[in-house]
Amino acid sequence: MLGRNRFAEVVDAQLELFAAEHRDVIEEARDRLAAYNRADRDEAEELYGDYLDSLEAGTGILAAMRDAYAATVADPEPYVRAFNRGVARRLAPFAAELEGR
C-alpha cells in the first residue's frame, strides 16, 4: 500500500457509488454550466446562480456521505482529507464547496 492512502479504496468506492446513484446531479451541473457558457449577458447571472445551486445539491450529498463515514473512524481527519482529494480529482466542480463544509 505504499504511496496510497489507507482510505483510497473506501473513497474510490464511495465516489463510484455517488457517480452511479446521482448521475442526474452530475449531469444537471454539467448542463447548467453549459447553459451559462452559451448565455448572453442578460441571462448569464441567473444561469450561473442555477449552476451554483446544482453544485450545492451535489456537494450536500457528498458531504453527507463523507461525514457519515468519518463518524465511524477514530481519527476522521485523514479520511476527510482523502475524500476531499478524491472529489477534487474525480468530481472537480464539487470540490471547492466541499472543502468549506
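The values are calculated or read from the model by the stated rules, or taken from the named source; none is laboratory data. A quick note: this is a predicted structure, and the numbers were derived from the prediction, not measured. All Cβ positions, even for glycine, are placed from backbone atoms using ideal geometry, and neighbour counts span all protein chains on display.
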Checklist entry - With respect to Glu43, is the statement that it is modelled with pLDDT under 95 and either touching a strand residue (DSSP E or B) at 6+ places or on another chain (Cβ under 6 Å) or at negative phi (or both) true? => result no
Checklist entry - Within the set of pairs 6+ apart or on separate chains, which have a first residue in the range 48-64 that is over 17 Å from Glu27 (Cβ atoms) and in contact (Cβ under 8 Å) with a residue 12 or more places away in the chain, a second that is surrounded by fewer than 16 Cβ atoms within 10 Å (Cβ to Cβ) and charged (D, E, K, R), and C-beta atoms under 9 Å apart? => result Ala63/Arg101
Checklist outcome for this item: Log entry, pairs with first residue in the range 8-22 being closer than 18 Å to Glu77 by Cα, second being surrounded by fewer than 17 Cβ atoms within 10 Å (Cβ to Cβ) and at pLDDT below 95, beta carbons closer than 8 Å, six or more apart or on different chains, reads Val11/Asn5
Next on the checklist: Leu15 - would you say it is in contact with a Lys or Arg (Cβ under 9 Å, 6 or more places away or on another chain) and either farther than 21 Å from Ala96 by Cβ or not in a loop (DSSP other than H, G, I, E, B) (or both)?
Outcome noted: yes
Next on the checklist: When the residues of the range 47-101 are narrowed to those that are surrounded by fewer than 17 Cβ atoms within 10 Å (Cβ to Cβ) and assigned to a loop (DSSP other than H, G, I, E, B), which ends up farthest from the chain's Cα centre (by Cα)?
Outcome noted: Ala74
Next on the checklist: Can you pull out every residue in the range 19-46 that is within 26 Å of Phe83 (Cβ to Cβ), touching a helix residue (DSSP H, G or I) at 6+ places or on another chain (Cβ under 7 Å) and either in a helix (DSSP H, G or I) or of a type in the set (S, T, N, Q) (or both)?
Outcome noted: Ala19, Val25, Ile26, Glu28, Ala29, Arg32, Leu33
